[in-house]
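Asks: The structure under discussion is supplied below as structure tokens; questions concerning it will follow.
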Amino acid sequence: MVGWRGRNVLVTGANGFVGSWLAEELVSRGAKVTALIRDIIPNSNLNLSGTADRVSIVRGSLTDYKTVERAFNEYEIEICFHLAAQAIVGVANRSPISTFESNIMGTWDLLEACRTARHFDRVIVASSDKAYGDQEKLPYTEDSPLLGTYPYDASKVCAEAITRSYHKTYGLKAAVARCANIYGGGDLNMSRLVPDMMISLLNGKPLVIRSDGKMERDYIYVKDAADAYVLLAEQIENANGQAFNFGAGKPVTVLDLVKMIIEASGRKDAEMKVLGEAKYEIKKQYLDSSKARKLGWQPKHGLSDGLKETYAWYQEHQELFS
């Protein structure tokens, strides 16, 4: 088990949605957190939570190896959580090259810095359930083949292959987290269903569903995802070289999720519009997380409670989205 107090920890993408919550959790445990971030995002949860004032910040891109190497050496990084990525599926489909550069080249730069850093011990790499692609057999287990073919999905498959290569070739202590759809406060990507629906509710607008509403997905609350990353780092001796699924294992349709969001908001008069226009979407995705549960992970938030907390966050920061 890791004693976090005083440990030098790097979080890539710490001003992103999930990275901000992870950084906050690590700071609360006494870790000395360094955040590698490319862009300043004033309304990021890292800033709104006050966590930005409690971490060291290195500005730069993962594709600039010298910057990454400097972060590891100057801050004597021991543990790394690699969450930085171009994670917007629509952007990946429109601009695959930038997505591949960020998610693939960025990963090999990061892992090379891990390999050569003097004080380094272990790395946790964020993948996604999207790496599994479209499969007939559900739920996905860690033994399921990685069939991701769309640009974002394929970039995660490649990032995992590179991580395995560094583990096998150089003995790098590494584990991979494949999370289901993560939701929670601080998600500023309005192309994602949960923040889009909640902001629409707060602004009194119709809830526009771009798909047919029948797609099934697995969801995990952002605080449970942060706990998952921390657990993998703590249990690296048991997780080394392996991938782990993290999800509720209870898929819900888009329509049912939207109904739960409406219930969480108390706005039962909300209007829904189903467009049925979404393309490049897998019909069903959900995970078997029994391997992670054996490692000691257990989600603390049910979907209803997580959505209520999420809606409360957007209510608190409603002025940002008006």
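Asks: Just the residues that are polar (S, T, N, Q) and part of a loop (DSSP other than H, G, I, E, B), please, taken from the stretch 196-210.
Replies: ASN203, the sole residue that qualifies.
Asks: Shifting gears a bit: Only one of ARG122, ARG118 is basic (Lys, Arg) and surrounded by fewer than 19 Cβ atoms within 10 Å (Cβ to Cβ). Can you tell me which?
Replies: Answer to the check: ARG118.
Asks: Give the residues of the stretch 126-157 that are in contact (Cβ under 8 Å) with a residue 60 or more places away in the chain, acidic (Asp, Glu) and surrounded by 22 or more Cβ atoms within 10 Å (Cβ to Cβ), sorted by residue number.
Replies: ASP129
Asks: Something else now. Name the helices (runs of 4 or more DSSP H) wholly within the stretch 93-193 that hold at least 3 residues that are closer than 23 Å to SER289 by Cα, outside the structural domain of GLY50 (by TED's automatic domain parsing) and not basic (Lys, Arg)?
Replies: none
Asks: Here is a list: VAL18, VAL89, VAL2. Which entry is outside the structural domain of ASP224 (by TED's automatic domain parsing) and touching a residue at least 60 places away in the same chain (Cβ under 8 Å)?
Replies: VAL2
Asks: Can you tell me which condition GLN235 does not meet? The list is (1) modelled with pLDDT under 95; (2) of a type outside the set (Phe, Trp, Tyr); (3) in contact with a helix residue (DSSP H, G or I) (Cβ under 9 Å, 6 or more places away or on another chain), and all the others hold.
Replies: With (1) modelled with pLDDT under 95; (2) of a type outside the set (Phe, Trp, Tyr); (3) in contact with a helix residue (DSSP H, G or I) (Cβ under 9 Å, 6 or more places away or on another chain) applied to GLN235, the lone miss is (1).
Asks: Could you grab me the full set of residues in the stretch 12-47 that are of a type in the set (Ser, Thr, Tyr) and either under 17 Å from the mean Cα position of the chain (by Cα) or under 25 Å from ASN73 (Cβ atoms) (or both)?
Replies: Matches in the stretch 12-47: THR12, SER20, THR34, SER44.
Asks: So, one more: Within the stretch 227-277, how many residues turn out to be assigned to a helix (DSSP H, G or I), touching a residue at least 12 places away in the same chain (Cβ under 8 Å) and charged (D, E, K, R)?
Replies: Residues meeting the conditions: 3.
The values are calculated or read from the model by the stated rules, or taken from the named source; none is laboratory data. Keep in mind it's a predicted model, so treat the numbers as computed, not measured. Glycine also receives a Cβ, built like all others from the backbone with ideal geometry; neighbour counts cover every protein chain displayed.
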